[in-house]
1. What about G54, is it in contact with a Gly (Cβ under 8 Å, 6 or more places away or on another chain) and in a helix (DSSP H, G or I)?
2. Could you grab me the full set of residues in region 255-288 that are outside any helix (DSSP H, G or I) and modelled with pLDDT of 95 or more?
3. Just give me the residues in region 301-315 being free of Cβ contacts under 8 Å to residues at least 60 places away in the same chain and either of a type in the set (F, W, Y) or assigned to a helix (DSSP H, G or I) (or both), in sequence order.
4. Could you give me the residue pairs with C-beta distances under 6 Å whose first residue belongs to region 139-154 and is at pLDDT 95 or above, whose second residue is of a type in the set (S, T, N, Q) wherever it lies, and which are 6+ apart or on separate chains?
5. Restricting attention to region 95-110, report how many residues are assigned to a loop (DSSP other than H, G, I, E, B) and within 16 Å of M215 (Cα to Cα).
6. Cβ-Cβ under 8 Å, sequence separation 6+ or interchain: first residue in region 54-75 and β-branched (V, I, T), partner part of a loop (DSSP other than H, G, I, E, B) and buried (at least 17 other Cβ atoms within 10 Å of the Cβ). Which pairs?
7. Does H247 satisfy the criteria of being under 24 Å from P315 (Cβ atoms) and assigned to a loop (DSSP other than H, G, I, E, B)?
Amino acid sequence: MNRRDCLTALLHLPLLAAVGCASRSLPAPGAPASSRTRWKVSGSEGLDLLCFLGPLSADPFYARYYPEELARIGPRLAPEAVSTIQQLKASSSSQDRLLGPFLCVVFSAGPTGTLAELRGALADAEQQLLPGYRASPYWDAGAWAWFLEARPALARVFEALATAGFPALRQEVVGERVERRKEALHQRLAGVDVIAEQERLLGRQLQPDIAIDLMHFSKPHGIKVIGQRFLTHLDYPDALVIRNAAHEILHPPFDVKHPDIVDALAVLRRDSLLARIVADHDPKFGYTTLEGLFDEDTAEALEQLINERLGVAIPAGERWRKADDGMHVLAAGLHGLLKADGFDRTGGAIQDWLGRAARDGRLAPDSLHASAATVLALPRERLWEPPTKP
């Protein structure tokens, strides 16, 4: 997993005043009173339905995870509904948006508990969804225009899924697993202070609440939505859920309009390897712009530092050699540079650090690629190879 949607590209969220950068000690297990983080765990029929649109489109990237569920609902779903989902997915993809994750973001501005609530929010989108979506860092006027244009088709899809009995199917599949998982997660997460670690590296204050929505149909994504809220699969192990939380709340890790980030992007745009990765990687993973890749890979590099401190990390080289066909070379390079600089120990404001690194040459290809090669244990000339096309 740990796949995010491409909507974290081009986020513009002003940074708040910096918090202290001194290294904080990790809370002892079972001592939640000292934790900055307040965990909220729930399920959502509505968001699960939006995630299910990927498998329902018959795209093998998604359908491979849900053969039994598709076999059960397929005979009940009108063929024209499947065709409509496929058309919506193709239209969304043509604008570099992943359909299910994008819709999860928009609908998270309103009620998402049930399919009925989704249908109500869709019909009344200007009042129930637009204010929250427009106020979020994900706001995109063009994306909203697409959403309104797609509204009649979405309404037909929602009606077809209601007729096919999606709520009952989901309940049959999920059963009591959400409630059992909620209880287990609350016990495991007590005292795990993700927010304090994120604040230490972002250099700005966050709200203390992290909301987790447990999904059944979300594979292979982890999806950040509006607020300090993300979606994860209910069967993912505890360590993966913590890694999800450590990652998702970091978005956006910087203000893309800030002069420091403008300087950093100017350096990264001269990196021919990063240009090839953006242009030639599998677009199903998202990150189809340099800005989107920079946002994602900065978050991944910081997340890795947090995971290492919390004791839930996959070794950095192993992680990035395998993830998304190995495309996150920038994350590996940033992680190595941050470790070499002691940023994991001292903390700081990542935006300031990136600006300094851009100006002193550390983000230049020679430095960045050398760092990535060390982390990935790969020769510099083999840091990334495009996937073989069928």
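The values are calculated or read from the model by the stated rules, or taken from the named source; none is laboratory data. Only a predicted model underlies this, so the values are computations on that prediction, with no experimental measurement involved. Ideal geometry is used to build each Cβ from the backbone, glycine not excepted, and the neighbour counts take in all protein chains shown.
1. Numbers: in contact with a Gly (Cβ under 8 Å, 6 or more places away or on another chain): yes; in a helix (DSSP H, G or I): yes.
Yes: the conditions hold for G54.
2. Kept after step one, since they are outside any helix (DSSP H, G or I), are these residues of region 255-288: 255-258, 269-271, 281-282, 286-288.
Within region 255-288, H258, R269, R270, D271 meet the criteria.
3. Result: A301, Q304, E308.
4. A153/T84
5. Start the filter on region 95-110 by keeping residues that are assigned to a loop (DSSP other than H, G, I, E, B), which leaves 95-98, 108-110.
Right, trim to within 16 Å of M215 (Cα to Cα) and you get 108.
The number of residues fulfilling the criteria is 1.
6. Partner pairs satisfying both residue conditions: I73/A164.
7. On the way: under 24 Å from P315 (Cβ atoms): yes; assigned to a loop (DSSP other than H, G, I, E, B): no.
Taking the combined requirement at face value, the residue does not satisfy it.
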